[in-house]
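Step one of this worksheet: look at the structure below.
The values are calculated or read from the model by the stated rules, or taken from the named source; none is laboratory data. Predicted model only: the values in this text are computed from it and were never measured. As a convention, Cβ positions derive from the backbone with ideal geometry for all residues, glycine included, and neighbour counts pool all protein chains shown. All accessible areas refer to the heavy atoms of the entire protein, side chains included, with ligands and DNA or RNA removed. Shrake-Rupley method; radii C 1.70, N 1.55, O 1.52, S 1.80 Å.
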Amino acid sequence: MLRLVLRGASAVAGGSHPKLVAAAAAGQGPGKIPFLQIVREYARPVRKKKEAIPSHLDDLPDTMLRKNYANVSAVDKVDDDVRRILSLEMASQREKVKMKKEQLAAKVRRSPNDCGSAEVQVAYLTAMILTLKEHLHMHPKDKVNLTRMMIATDRRTVLLKYLRNTRYDTFENTCKQLEIEYLPPPQYRRKITRRAAVKKEFRDMIYKEKQKLRALERLKQMEKEDEGIKEQAQPKETPS
């Protein structure tokens, strides 16, 4: 900040600032131009920090045990300090998301052992999408997680469309329990242009070539490992 003030002061004293030159041409003195305005032009704008949005993990109580220790009977006999370590109070973000997935899946699960039905998959994807939305709110330039969220949203849309066409009552219950607002796809879709089709084909071609190169590298690495194993297996000749 001191450097910016000194630069502004030198510009005022020397008359090298463009506004000072314009004021001199108009017959005005440097004292009529505000000094702070000149300093502001040299300063960079300060970005305001974004306020954190309410997390969807806030409804998880801190006293709840982690997923790996929820069904262990020996946890009831430990003291309070150990139980606190095994609870969500000292758990990581990943473990809390796992508990949130199970909490949402329990609302739409057909049976206690149901882990792969369409509605349970929708619940898992919903927890993942909510977590990525909170992350992207604070880090909007994270393109990798943005892509992951878009892929998860498309997968969830496909599953919801399947439920809507096959079991509409289950579809309504799933949307109600998970608080999902389903919007059906529009009847009219924009036609894919030739440029977009060429770009997609070019990206697919590059991806396939990369996969071929990686396969060749893995093959060479496996051959080197096999040669090393054969050399170790051969008995060493002792000098007579």
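Here are the numbers for the structure shown:
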{"item": "Cβ pairs under 6 Å, 6+ apart, first in the range 103-121 and among the hydroxyl-bearing types (Ser, Thr, Tyr), second open to solvent by 20 Å² or more (accessible area, probe 1.4 Å)", "result": "117/110"}
{"item": "Residue match in the range 211-224 (condition: surrounded by fewer than 14 Cβ atoms within 10 Å (Cβ to Cβ) and closer than 23 Å to residue 58 by Cβ)", "result": "no"}
{"item": "Any hit, the range 189-199, residues being among the small types (Gly, Ala, Ser) and either under 27 Å from the mean Cα position of the chain (by Cα) or closer than 30 Å to residue 49 by Cα (or both)", "result": "yes"}
{"item": "Pick from the range 163-198, criterion polar (S, T, N, Q) and free of Cβ contacts under 8 Å to residues at least 40 places away in the same chain, ranking: farthest from residue 122 (Cα to Cα)", "result": "193"}
{"item": "Cβ-Cβ under 6 Å pairs, at least 6 apart or on other chains, the range 70-95 side within 19 Å of residue 59 (Cα to Cα) and at pLDDT 75 or above, far side part of a helix (DSSP H, G or I) and open to solvent by 80 Å² or more (accessible area, probe 1.4 Å)", "result": "86/69"}
{"item": "Residue 224 vs. criteria within 29 Å of residue 97 (Cβ to Cβ) and free of Cβ contacts under 8 Å to residues at least 12 places away in the same chain", "result": "no"}
{"item": "Filter result (in a helix (DSSP H, G or I) and out of contact with any helix residue (DSSP H, G or I) (no Cβ under 9 Å at 6 or more places or on another chain)) within the range 63-88", "result": "73, 74, 77, 80, 81, 85"}
